[in-house]
Amino acid sequence: MKRREFMRLLGGAAATWPLAARAQQPAMPVIGYFSGRSPDAEAPIRVPFLDALEASGFAAGHNVAIEYRFAHGRDERLPDLAVERVRRPVTMLVATDRPSAVAAKAATATTPIVFTSGFDPVRLGLVASFNRPGGNATGVSLLTTDLGPKRLGLLRELLPKQGTIAFVVNPNSASTPHQIEEMQAAAQAVGQPLVVVSVGTEEEVNKAFATMAERKVAGVLYGATLFFQVISERLVALAAHYRIPALYEWREFVTAGGLMSYSTDRTEVGREAGIYVGRILKGERPADLPVVQSSRFESSLISRPRRRWASTCRCTFCNSPTR
């Protein structure tokens, strides 16, 4: 973790100091920030979030306090974390993934919430509509669970030979059935053999890779889940060990040595969330702030030497340069 990021976390942790010590300091708003990821996996969103918040006039540890809570890939912990944040109490909540956003909304109908979600926030019940959220929540909507077919096409282009592709999913994620249905339809449309592999615990990871190697799969795709982000380095290492080409959800997997990723731009997502938090702290209401729809995509590819590109693909799926 970089020194600047460490100092920011240290400043944000000021809200957890004893009451007696904080009583000597001027009152400041408190942000309850929680995520289903680990602190390291959260950094790609948290860093631009803090930059945007500071640009809005709020610096962690100076004129705003931030309390962090992380579920480390265990979605079942999030409802309790949300209730804990609300009872604290806090000035507002920041929930940076779909399970966290759902937990935050269930915990309070009054405390302002800024969320980022890879699933339709209207269908989730977070907002009444994109343009007029109503209620106490607004935030950023991004494509994550719906990018599976795009990744399938990219992996097919990369593979040195055709064969069965494994789609690895987390059975404990609420969005998994939708992702499987979508991926199976996309594979069937192009005649691509596909096998679904479930990995819901760390104990199941090694077994899953051994099974895929035994079945001689040609490549691996991963479903969208916080759990895989938390164990990213392990997934990359196992793919390298078994020499199975894999395409990942986020570029941080490529940074860890993975082959390729394709996703929305999380720098933009974190920045937009930070801007909205700053506006709400200045007095605006979540009900009056339209949900931002993230429109930037990026792909990352490891090579020798390693190179990376951000792009907007011209394909019919996302209208955005692939190279």
Gain upon complete extension [Glu157, Ala174; 0.36 nm per residue less C-alpha separation]: 3.1 nm
Based on alpha-carbon centroids, what's the gap between the range 92-107 and the range 228-287 in Å, whole number please? 18
Simple Cβ-charge dipole of the range 161-298, Lys/Arg +1 and Asp/Glu -1, about Cα centre, in debye nearest 20: 260
What is the local net charge at Gly32, summed over the other residues whose Cβ is closer than 11 Å to its Cβ (Lys, Arg +1; Asp, Glu -1)? +2
Starting with the highest mean, order 54-64, 200-210 by the number of other Cβ atoms within 10 Å, averaged over the residues of each peptide. 54-64, 200-210
Of the range 67-83, those with amide N under 14 Å from the point 7 Å along the Cα→Cβ vector of Met28 are 67-68
Taking Rh as the Kirkwood radius, which is the inverse of the mean 1/r over Cα pairs, what is the Rg/Rh value for the range 261-304? 1.19
Counting only residues 5 or more places away or on other chains, whose amide H sits under 5 Å from the amide H of Met92 once H atoms are built in the peptide plane? Val30, Gly32
How much FRET efficiency would the formula 1/(1 + (r/R0)^6) give for Lys282 and Arg132, where r is the Cβ-Cβ distance and R0 is 25 Å, rounded to 0.05? 0.75
Where a ≥ b ≥ c are root eigenvalues of the Cα gyration tensor, a/c under 1.5 meaning rounded, otherwise prolate if a/b exceeds b/c and oblate otherwise, the range 166-253 counts as oblate
Take each of the peptides 76-82, 265-271, average the number of other beta-carbon atoms within 10 Å over its residues, and list them starting from the highest. 265-271, 76-82
Based on Cβ point charges of +1 for Lys and Arg and -1 for Asp and Glu, what charge dipole magnitude is obtained for the range 116-228 about its Cα centre, in debye rounded to the nearest 20? 280
Between the alpha carbon centres of the range 171-205 and the range 115-135 the gap in Å comes to 26
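Where a number appears in this text, it was derived from the coordinates with a stated rule and is not lab data. None of these values were measured; they are calculated from a predicted model. Backbone-built Cβ (ideal geometry, glycine too); neighbour counts: all protein chains shown.
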